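Data first, discussion second: the structure below is written as structure tokens.
The values are calculated or read from the model by the stated rules, or taken from the named source; none is laboratory data. Predicted model only: the values in this text are computed from it and were never measured. With ideal geometry, Cβ positions are generated from the backbone for all residues, glycine too; neighbour counts draw on all protein chains shown.
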Amino acid sequence: MNKKPDLSVILGDIKLQNPVLTASGTFGYAQEFEGLMDLNRLGAIIVKGLALNPTKGNPPPRIVETPCGMLNAIGLENVGLNAFAEQKLPFLKTLSPPIFANIYGACIEDYAELAARLDVLEGIAGVEVNISCPNVKAGGIAFGADPQAAHRVVKAVREKTAKHLMVKLSPNVTDITLIARAVEEAGADSLSLINTITGMAIDIETRRPKIANITGGLSGPAIKPVALRMVWQVVRATKIPVVGIGGIICAQDALEFLIAGASAVQIGTANFINPQVTTDIIDGIETFLAQRKIASVVDIIGTLETHAPQTLE
């Protein structure tokens, strides 16, 4: 009997049983998917974004379907750190995959305090820092849009936690590699990208925005080519592991990101369509490797060939 391919990957100091993770904001706190799929098969679980205090988010309507994707302006609704620790973490600690807490704040001090308080919690393997949030002390410009601001917030988090530090990059920038190098220098252990692309949709009958917030974050298959390009660029520009996100709905999509150099992938919007999509993708990657007699998923990571083969004249 042929041996199954090895799907395990290394993300900094963490070994994952496979490279398929859940994307923050699309998988709740994991318990919502209990009974719908086997949570213990996942490579890692990244929970819904956490703030210091509970947040109600934006008023509805705040989600709208778009061609090949969706727009959302949920507004980072969450239960707050205390409720997370008391009500959500006990269940998460019963699962075998590593748990990452995604965090966000309105100022650097928020991020630092969140990191410090998460650092002492058992059951949290790492922190994913969302730097797409507006910095209220700098006129509302997103931390992730400015290399210096991104560096400062990641450095502040790094000083407060010894846990694995993943930084989630915004695509709404001119050159994402500048941000990537800045947060790498600030102490990030890995990078995840991309977050959503800012977009909007209009109801032509009412002539009003379809989302109350006017603009929202575009996700889903429509953004995959952009995400893939940015992942490839960041892999070449940095030395730390990269986790690819953006429009992944099947194993082929995930394999494209791995071949481009991503060490792992996160599945987001597809969870709303098929709650078993993550395990389907794990199975699909394994089948792809087995059919081609590739012993390990690591053997395909970063194998993209960008030079045309030479031809005999």
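List of remarks:
- Residue count for the range 236-260, restricted to those that are under 15 Å from the mean Cα position of the chain (by Cα) and either of a type in the set (A, V, I, L, M, F, W, C) or at pLDDT below 95 (or both): 8
- Qualifying residue in the range 271-280 (condition: within 26 Å of residue 165 (Cα to Cα), part of a loop (DSSP other than H, G, I, E, B) and in contact with a Phe, Trp or Tyr (Cβ under 8 Å, 6 or more places away or on another chain)): no
- Residue count for the range 145-155 under the criterion of being within 24 Å of residue 99 (Cβ to Cβ) and either of a type in the set (Phe, Trp, Tyr) or in contact with an Asp or Glu (Cβ under 8 Å, 6 or more places away or on another chain) (or both): the result is 0.
- Among the residues of the range 193-213, those that are closer than 17 Å to residue 69 by Cα, out of contact with any helix residue (DSSP H, G or I) (no Cβ under 7 Å at 6 or more places or on another chain) and assigned to a loop (DSSP other than H, G, I, E, B) comprise 195, 196, 201, 210, 211.
- Condition met for residue 90 (within 21 Å of residue 44 (Cβ to Cβ), over 19 Å from the mean Cα position of the chain (by Cα) and not hydrophobic (A, V, I, L, M, F, W, C)): yes
- Residue check, residue 198 over 27 Å from residue 302 (Cα atoms), surrounded by 14 or more Cβ atoms within 10 Å (Cβ to Cβ) and either at pLDDT 95 or above or not charged (D, E, K, R) (or both): yes
- Matching residues in the range 214-240 - criterion: being assigned to a loop (DSSP other than H, G, I, E, B) and among the charged types (D, E, K, R): 239
- Within this structure, residue 100 fails the test of being over 30 Å from residue 41 (Cβ atoms) and under 17 Å from the mean Cα position of the chain (by Cα).
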